[in-house]
């Protein structure tokens, strides 16, 4: 990125987190995935969406952590939550019950229809790499009203064909969700470190609708494993404001200090 | 009726070779001390059940104690992969291991069905998910009232469940607080339940009436093990040892390093060593 696009000196990852945070509304009830989604959701809460309800799958509803949790079950999530429920209640009453407006997921592998793999690289029964698996994602993907996805672009991550359907996006595209009896919208937004993508209304293929400041079409294509489609009217994502950037950096500095804590030397 | 026993005896009396066993805890209150005692006693051919197998199942799998694992997320929470479990699944080392994989919703519903005495759980799940194609225990039923096709999985009914909790009263009733995960369901679903606790108090007379208390007659044995869930945490007692989770990633990456660590930190230690491990984490809680 050239300096005239970037007087504040933000990184592509910071742009990604801030663009993702802007997509959340004050009245959203958001089921938060760990990692990049968690940072975006908390920046939203600390800037334009102070009343947003953040839910982590450990059962913490309406949580407001001062630092980003390392796991989905950190103590601070419970201490700052409106209420903490048991895990079966979380999945039955709150997720399956249709009370989640946005499920916010990350991905190890993603295809152009928003299908996600976090289970295996290679064959399921003889995996090259056994990844942690789906956790809550298979049902978050189908029971939340909408799904937002955020990940940094790489050719290994954004692929033509994923190795395993951990959580279902738009399947083969078109009305595939409807044909399987899934009545929620599925992936409606993908925010990467380079661009904002939305599914084509008919084919459901993710299409670039906005590129971050200074990013070129070539950069977007080089870091993506499928042939990228760009919207005719392509926007430029507004650069992070000073408030957004300061909020994110303060949050990450607090998080780093808290996680290193008294054991910094031991962990290094 | 709950008996107060030293952990060594509680594990010996309740766990057997070949059992299906759940050491439950959803990031919080993980029963590490009980798992380490099971490792010291050298049980084998276990079916390990847990929504979120983390370090303790990585350790048990690495020691060759498991013939099968039932899970929904097999990772080091917030850090990455479980390297001993990967070695078993990918390379059959130190032995091959059967895998039964679910989603969190699937496991949570299955435990709840087990606690409710039902043969199976019914829920809206696995739609379009690849797990339904690789796990024969994921089936479907049609709602007789609406015609909606729903997922069905067999209930989970472990031979024995181990959990860690904050406190017991002198009669043996147990209080669990904070992120309570699936522990109540896992206890009620099991034939036998063993609980390690941070402390014993005279009575629970001052508790709020709606707290999660497991009555003493739902528990086989209670062992007092302060610090018994390290490196996870006990809400109100000590904080999570995040550095230990990061450190585990390096230990488990190497077969020899793993064996040496297990020898020094598990085999040659006892339940009494846990209290000292959380000393520096108590102020932070």
Can you order the peptides A:115-128, B:106-119, A:13-26 by their average number of other Cβ atoms within 10 Å per residue, highest first? B:106-119, A:13-26, A:115-128
For the pair residue B:267/residue B:67, report the inter-label distance in nm, with labels modelled 7 Å from Cα in the Cβ direction. 2.4 nm
Let me know the whole percent of all Cα-Cα pairs from region B:1-99 that are separated by more than 22 Å. 25 percent
Over chain B, calculate the relative contact order: mean separation of alpha carbon pairs under 8 Å at least 6 apart, over the residue count, as a percent. 23 percent
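Estimate the FRET efficiency between residue B:282 and residue B:143 by the formula 1/(1 + (r/R0)^6), using the beta-carbon distance for r and 45 Å for R0, to the nearest 0.05.
Working: r = 51 Å, r/R0 = 1.12.
FRET efficiency, residue B:282 to residue B:143: 0.35.
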Checking A:240, A:50, A:37 against a Gaussian network model of chain A (alpha-carbon springs below 10 Å), the top fluctuating residue turns out to be A:50
Approximate spin-label separation residue A:230-residue A:27, in nm, with each point projected 7 Å along Cα-to-Cβ: 3.7 nm
Ignore the peptide's own chain and count Cβ atoms of other chains within 10 Å of each Cβ in B:88-101; give me the average, rounded. 2
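Using every Cα-Cα pair within region A:176-268, state what percent have a distance larger than 16 Å. Working shown, then result.
Details: 2925 of 4278 pairs.
Roughly 68 percent, once rounded to a whole number.
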Per-residue mean of C-beta atoms belonging to partner chains within 10 Å, peptide B:105-113: 6
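Taking only C-alpha pairs under 8 Å that are 6+ residues apart, what is the relative contact order of region A:3-261 in percent? All intermediate terms of the calculation are to be shown ahead of the outcome.
Values: 548 pairs, mean separation 51.3, N = 259.
That works out to 20 percent.
What FRET efficiency do you get for residue A:243 and residue A:83 if R0 is 45 Å and r is their Cβ-Cβ distance, rounded to the nearest 0.05? If you can, show how the numbers build up before the last one.
Values: r = 30 Å, r/R0 = 0.67.
Using R0 = 45 Å, I get an efficiency of 0.90.
Take every Cα pair under 8 Å in region B:104-154 that's 6+ residues apart, average their separations, divide by the length, and report that relative contact order as a whole percent.
Numbers: 61 pairs, mean separation 18.4, N = 51.
Here the relative contact order equals 36 percent.
Tell me, what does the Kirkwood hydrodynamic radius of region B:63-127 come to in angstroms if you use every pair of distinct C-alpha atoms? Write down the numbers at each step before the final one.
On the way: mean 1/r = 0.0740 Å⁻¹.
Hydrodynamic radius (Kirkwood, Cα pairs) of region B:63-127 is 13.5 Å.
What is the antiparallel percent of DSSP beta bridges lying wholly in chain A, to the nearest 5? Please list the in-between numbers first.
On the way: 17 of 36 bridges.
Close to 45 percent.
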So what's the gap between the Cα centers of region A:201-223 and region B:53-109, to the nearest angstrom? 37 Å
Given the Cα atoms of region A:58-143, and with Rh set as the inverse mean 1/r over their pairs in the Kirkwood sense, what is Rg to Rh to two decimals? 1.02
Chain lengthening between residue A:129 and residue A:256 when straightened (0.36 nm per residue, less Cα-Cα): 42.8 nm
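Between residue B:207 and residue A:99, what's the calculated FRET efficiency when r is the beta-carbon distance and R0 is 30 Å? Round to 0.05. All intermediate terms of the calculation are to be shown ahead of the outcome.
Details: r = 29 Å, r/R0 = 0.97.
About 0.55, to the nearest 0.05.
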Please compute the average number of Cβ atoms from other chains found within 10 Å of each residue's Cβ in peptide A:80-90. 6
Rounded Å value of the spacing that divides the Cα centres of region B:115-182 and region A:6-49: 33 Å
Could you list the square roots of 5 times each eigenvalue of the Cα gyration tensor of region A:3-261, that is, the equivalent ellipsoid semi-axes, sorted largest first and rounded to whole Å? 26, 25, 17
Rounded, prolate or oblate: which fits region B:44-159 when a ≥ b ≥ c are the square roots of the eigenvalues of the alpha-carbon gyration tensor, with rounded for a/c under 1.5 and prolate only if a/b beats b/c? prolate
Given the peptides B:82-90, B:7-15, B:40-48, arrange them by the average over their residues of other C-beta atoms within 10 Å, most packed first. B:82-90, B:7-15, B:40-48
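The protein assembly as shown: percent of C-alpha pairs farther apart than 37 Å?
Values: 45283 of 152628 pairs.
Summing the P(r) tail past 37 Å for the protein assembly as shown gives 30 percent.
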Quick one: of the DSSP bridges fully inside region B:82-240, what percent are antiparallel, nearest 5? 50 percent
Inter-part distance where region B:205-260 and region A:172-189 are each reduced to a Cα centre, Å: 41 Å
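Counting only helical runs of four or more DSSP H residues, what would the 222 nm mean residue ellipticity of chain A come to if each run contributes -39,500 (n - 2.57) and the total is spread over all its residues? Intermediate results must be reported in sequence, preceding the final value.
Working: 8 runs with 67 residues, N = 268.
It comes out at -7000 deg cm²/dmol, rounded to the nearest 500.
What's the Cα-based Rg to Rh of chain B, Rh via Kirkwood? Let's see the in-between values first.
Numbers: Rg = 18.6 Å, Rh = 19.2 Å.
The Rg/Rh ratio comes out at 0.97.
With each run of n ≥ 4 DSSP H residues scored as -39500 (n - 2.57), what mean residue ellipticity at 222 nm is computed for chain B after dividing by its residue count and rounding to the nearest 500 deg cm²/dmol?
Details: 10 runs with 80 residues, N = 285.
Helices in chain B give a 222 nm mean residue ellipticity of -7500 deg cm²/dmol.
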Return the percentage of antiparallel bridges among DSSP beta bridges fully within the protein assembly as shown, rounded to the nearest 5 %. 40 percent
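Over region B:104-154, consider all pairs of different Cα atoms and compute the Kirkwood hydrodynamic radius from their mean reciprocal separation; express it in Å, one decimal.
On the way: mean 1/r = 0.0894 Å⁻¹.
After inverting the pairwise mean of 1/r, the radius is 11.2 Å.
No lab work stands behind these numbers, since they all come straight from the coordinates. Worth saying up front: this structure is predicted, and the values here are computed from it rather than measured. Reconstructed Cβ throughout: ideal geometry from the backbone, glycine too, with neighbour counts over all protein chains shown.
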